[in-house]
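Bear in mind that the values in this text are calculations on the coordinates, not laboratory data. All values reported here derive from a predicted model rather than from experimental measurement. All Cβ positions, glycine included, derive from the backbone under ideal geometry; neighbour counts span all protein chains shown.
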Amino acid sequence: MRFDVLTLFPDLFSGYLGESLVKKAIQRNLIDVQLHDFRNWTTDKHKKVDDRPYGGGPGMVIMADPVVRCFEDLQNEGPPNHLVLLSPQGKRLDQKTVERFAKLPRLTLLCGRYEGFDQRVVDVLEPEEVSLGDFVLNGGEVAAMAIIDAVMRLIPGTLGDEKSHIDDSFSSGNRGLEYPHYTRPAEYRGLRVPEILLSGNHDRIHQWREEQGKKRTQERRKDLMDHEDSSDLDPNG
Ligand SMILES: C[S@@+](CC[C@H](N)C(=O)[O-])C[C@H]1O[C@@H](n2cnc3c(N)ncnc32)[C@H](O)[C@@H]1O
């Protein structure tokens with residue numbers, strides 16, 4: 001899968017792309033991440049990409065033209081391209097959206113800064129606007145990394161164990177929360193690992209984990225149980 005990231009700060013990505021699972025996925029050609037500084041698409045001799053807002057007020061607004069032309073140029077190369085604009089005003093990201101993105105051949109992530117984009121970026125390019133949550137970041141880069149991180153782990157071959165994302169919280173195999181995990185030692189500061197996990201009885205372990213996941217979901221995220229796909233999460237039903 002190919003990701004294109006449109007950003008004024010491409011260097012922010014070097015640490016993230018150079019480590020761990022993402023680095024391996026790039027090395028194995030499972031994902032390709034192309035960074036584009038849309039400042040290079042400005043026709044202004046000072047490479048200016050932002051200006052004061054019409055109507056007054058604080059901050060600077062990113063001008064439409066460099067962004068629109070940058071994306072249009074990218075459209076002309078490679079596979080079909082779905083554009084996501086990172087914005088606190090977008091639809092909140094969830095695992096279903098991540099699963100939908102993971103089926104695409106290519107995703108372009110547009111990162112804002114300052115007060116955000118001139119509205120005509122949205123009017124012309126008609127992106128899907130996506131938010132990381134109800135809070136305001138300095139820029140879209142951290143949100144873009146979060147999307148790459150969540151999407152890439154669904155691409156076959158990117159994880160050490162192919163099955164490890166199936167039971168993850170919110171995932172298609174489990175729309176609720178995952179069960180608690182334990183590892184060695186069997187006792188830590190007087191706290192024993194639940195005996196069932198040491199029993200070797202995989203049917204009972206599977207059942208215990210299912211129950212624990214449902215209990216957690218009930219206690220912490222009752223809203224997930226009201227979800228239409230989660231009717232089987234109700235521990236009483
Ligand atoms: C300081 S924010 C602009 C906020 C904007 N003035 C508003 O109130 O909606 C600058 C950029 O950070 C990114 N950003 C901020 N919060 C975000 C969030 N919750 N999710 C995704 N992107 C976010 C967007 O790309 C945005 O254009």
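Structural remarks
- Set of lysines near K163 by C-alpha distance (under 28 Å), chain-local residues within fewer than 8 positions excluded: K23, K24, K96, K103, K214, K215, K222
- Exposure proxy for R184, R209: other Cβ atoms within 10 Å of each Cβ, ordered fewest to most, give R184, R209.
- For G112, the amide hydrogen comes within under 5 Å of the amide hydrogens of L86, G140, counting only partners 5 or more places away or on other chains and with H modelled in the peptide plane.
- Computed E for A102/Y188 - FRET, C-beta separation, R0 41 angstrom, nearest 0.05: 0.70
- Residues C70, C111, sorted so that the one with the fewest Cβ neighbours within 10 Å comes first: C70, C111
- Computed P(r) (all Cα pairs; the range 44-175; 5 Å bins; percent): 2, 9, 17, 20, 18, 14, 8, 6, 3, 2, 0
- Virtual paramagnetic centre 7 Å along Cα→Cβ of K215, amide N under 13 Å, in the range 160-193: 179-181
- Given charges at Cβ of Lys, Arg, Asp, Glu: the chain dipole, positive-most of Q75, M225, G55: M225
- With the largest listed first and rounded to whole Å, the semi-axes of the equivalent ellipsoid of the range 40-109 from the Cα gyration tensor are 28, 20, 7.
- Magnitude of the charge dipole, the chain, Cβ model with Lys/Arg +1 and Asp/Glu -1, debye to 20: 600 debye
- Footprinting exposure proxy for V5, V142 (fewest neighbouring C-beta atoms within 10 Å first): V142, V5
- Database remark: amide H of E129 closer than 5 angstrom to the amide H of L85, K91 (H placed geometrically; neighbours at sequence offset of 5 or more, or on other chains; Pro and chain starts carry no H).
- Debye-sum result for the chain in log10 I(q)/I(0), which assumes one identical scatterer on each alpha carbon, at q = 0.08, 0.09, 0.13, 0.14 Å⁻¹: -0.41, -0.51, -0.89, -0.98
- Relative contact order of the range 96-192, defined on C-alpha pairs under 8 angstrom at six or more residues apart (%): 26 percent
- Helix-only CD estimate at 222 nm, as mean residue ellipticity for the chain, using -39500 (n - 2.57) per DSSP H run (n ≥ 4): -9000 deg cm²/dmol
- Once the Cα-Cα distance is subtracted from the 0.36 nm per residue extended length, the K48 to L21 segment shows a gain of 6.1 nm.
- The range 116-169 - charge dipole about Cα centre, Lys and Arg +1 at Cβ, Asp and Glu -1, debye rounded to 20: 120 debye
- The phi-based Karplus calculation (6.51 cos²θ - 1.76 cosθ + 1.60; θ = phi - 60°) puts the 3J(HN,Hα) values of the range 174-186 at 6, 6, x, 9, 7, 5, x, 10, 9, 9, 4, x, 5 Hz, whole numbers, x for Gly and Pro.
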